[in-house]
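Some notes on the structure that comes next.
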Amino acid sequence: MQYCPLVPARSQSADATSSTGGAPGPSYRGNGALVAGVDVGTTAVKAVVADEDGRVVGRARVASRLAIGAGGNLEHDAQASWWEAPRSVLRQAIGAARPRAVAVSAMMPSVTAVGPEGRPLGPGLLYGDGRLAPSSAGVTGDPTANDEMARLCGWVAAHHPGASGYWPAQAVANASLGGEGVTDLASAFAAGPLFGGSGWDEATCQASGFPAARLPRVAVFGEAIGRVAPGVLGAEDAGGGDVLLGAGSVDGMCEQLVSGTVQAGDVLIALGSALVVWLTVPGWPDEVPGLWRAPHLAPGMAMLGGASNAGGMWADWVDRVVRPCPEGPGDVPIWWPWARGERVPWHDRALRVGLAGADISHGPQALRRGAYEATGFVARYIVERAASCGTSPGRFVASGGGTLNRPWLQAVADVLGQPVLPMAVPEGAALGAAWLARMAAGLETSISDGQRWARWSAPVEPRREWSEAAAERYQQWREGLPGQA
């Protein structure tokens, strides 16, 4: 496969000044301790530098080298995107500033074979890679039962049997920055049956074709795991050693940490390469078929929802095949956005894109608007199913690079018929990782206190005429859904 830097159209202004008041580059002249967070995402690697109030004072972004194969294969150039890019964005983001600590967030699952120093020996396989045989595991409400990470590791182990390890992106990035491949506890749990709670499960690893010792060390998120190696922050940084490296976490947890969605009924809609929708509910809800349940960072709360393929990779694909033209609210075609199959609640790799209501009068903008509405349809459907647990949705918060795409946000708000509150910092996962860096440095003691960094831009309000038309299309969309969910 050919690797290419994939720059999402929705994120082209990601380096603009954010509404937190921070500006790109090393402009900070305050007295508070600075920390940095790095997020290894599907389409880009991002870094932010934040002060003690969560104000972003430096940021950088490098497009990931991503390859999408005709058979549904999905992989990174792991050397470029997991080893080199974290160093590059960190150097660009900090400039002349000196952070007290750094932590790394990354998507899951992902895996590559590594050599003795943790350098990748081959491609980095990502979630949903088409080389994996279909599996019925993980279709319940327990994401930790999903065996996708085990199957990814098994494929890599079969093709690189002599490798020193089989590591996810976070561990590779930590090895690049600090010399040791470490992943965090939440990411380990997200590896499903490979992790037994107290450590990697030897029997499951052996059944997948490798010993448990080939997987990285596991640390608690927010734990100090080492120091940034000399020279990593630049050639002039030959001394090094004074910047702590902390254990970050899986990207979704880091976004949730600084999102402010802590009350029952709060909905977090992550508009990243994937769409991830979580309804905050009290206690531990009953299982809703096809949806995931996960612990919340707020005491006494849980999250109900999950990940969908109707995110940025879907929206970007439509952007690449259409061009703008005028649009109107009453005549928009309907998409079923399954360009790569679907995750919750169907968990079916075989689903494919569907289109209804399109005719010769429709121009590119109508097709694009329909694609954006499809993201809203999926988010609304997940929330409605999650609300069957007894918690009604209230406030809707959006995170991720998609918050920079106003037409996409507007379409989601119109479909929901509710205001959508964009997070002020689109690099939410990197910002959450920066909070964990503060914990590693001893500047914070509670992960739940990260909510004090939650800030939002002005809400995107639904438009009545558009919402009424979108509501009718949503009902038609539901009528065309697969029957098994």
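Please give the calculated 222 nm ellipticity per residue for the chain, where each DSSP H segment of at least 4 residues contributes -39500 (n - 2.57) and the sum is spread over every residue; nearest 500 deg cm²/dmol? Show your work: numbers first, answer last.
Values: 11 runs with 124 residues, N = 485.
Taken over the chain, the calculation gives -8000 deg cm²/dmol.
What order do you get for Phe377, Phe189 when you list them from fewest to most C-beta neighbours inside 10 Å? List each step's numbers first, then the result.
Working: Phe377 27, Phe189 19.
Placing the least packed residue first, the sequence is Phe189, Phe377.
Test of the criteria: in segment 275-372, which trypsin sites (Lys or Arg not before Pro) are in a DSSP loop and have at most 12 other Cβ atoms within 10 angstrom of their Cβ? Provide the component values of the computation, followed by the final result.
Working: sites: Arg293, Arg320, Arg340, Arg343, Arg349, Arg352, Arg368, Arg369; in loops: Arg340, Arg343, Arg349, Arg352.
In loop regions of segment 275-372 (DSSP not H, G, I, E or B), the sparsely surrounded trypsin sites (Lys or Arg not before Pro) are Arg352.
Taking θ as phi - 60°, what are the ³J(HN,Hα) couplings along segment 339-347 by the Karplus curve (6.51, -1.76, 1.60), each to the nearest whole Hz, with x for Gly and Pro?
5, 10, x, 9, 9, 5, x, 8, 6
Would you mind getting me the FRET efficiency between Val321 and Arg91? Use the beta-carbon distance for r and R0 = 25 Å, nearest 0.05.
0.10
Let's test the formula: R0 of 45 Å, r as the Cβ-Cβ distance of Arg478 and Ala213. What FRET efficiency results, to the nearest 0.05?
The calculated FRET efficiency here is 0.40.
For segment 450-465, in order, what is each residue's ³J(HN,Hα) by Karplus, 6.51 cos²θ - 1.76 cosθ + 1.60 with θ = phi - 60°, in whole Hz (x at glycine and Pro)?
Computed from phi, the couplings for segment 450-465 are x, 5, 5, 8, 6, 9, 9, 7, 4, x, 8, 8, x, 9, 4, 5 Hz.
Between Glu52 and Glu223, what is 0.36 nm times their sequence separation minus the Cα-Cα distance? Round to one decimal in nm. Write out the running numbers ahead of the final one.
Details: separation 171, 0.36 × 171 = 61.56 nm, distance 1.82 nm.
Working it through step by step, the gained length comes to 59.7 nm.
Could you put Leu297, Leu416 in order, starting from the residue whose Cβ has the fewest other Cβ atoms within 10 Å?
Working: Leu297 19, Leu416 23.
By the 10 Å Cβ count, ascending, the order reads Leu297, Leu416.
Please sort by residue number the GluC sites (Glu not before Pro) in segment 260-346 whose DSSP state is loop and whose Cβ has at most 14 other Cβ atoms within 10 Å.
Here the GluC sites (Glu not before Pro) that fit, given the DSSP loop and packing criteria, are Glu287.
Among Cys389, Cys254, what is the fewest-to-most ranking by other Cβ atoms within 10 Å? Could you put the intermediate results ahead of the total?
Working: Cys389 20, Cys254 32.
Ascending Cβ contact count within 10 Å gives the list Cys389, Cys254.
When the expected Rg is taken as 2.2 N^0.38 Å, what fraction or multiple of it is the alpha-carbon Rg of the chain? Mind dumping the intermediate values first?
Working: Rg = 21.2 Å, N = 485, 2.2 N^0.38 = 23.1 Å.
Against the compact-globule rule of thumb, the ratio is 0.92.
With θ set to phi - 60°, apply the Karplus curve 6.51 cos²θ - 1.76 cosθ + 1.60 along segment 71-76 and write out the HN-Hα couplings as whole Hz, x wherever there is a Gly or Pro.
x, x, 5, 9, 8, 9
Quick note: the coordinates plus some simple rules give every number you see, no bench work behind them. Being a predicted model, the structure only gives us computed values, none of them experimental. When we count neighbours, we look across all protein chains shown, and the Cβ atoms used for this are built from the backbone with ideal geometry, even at glycine.
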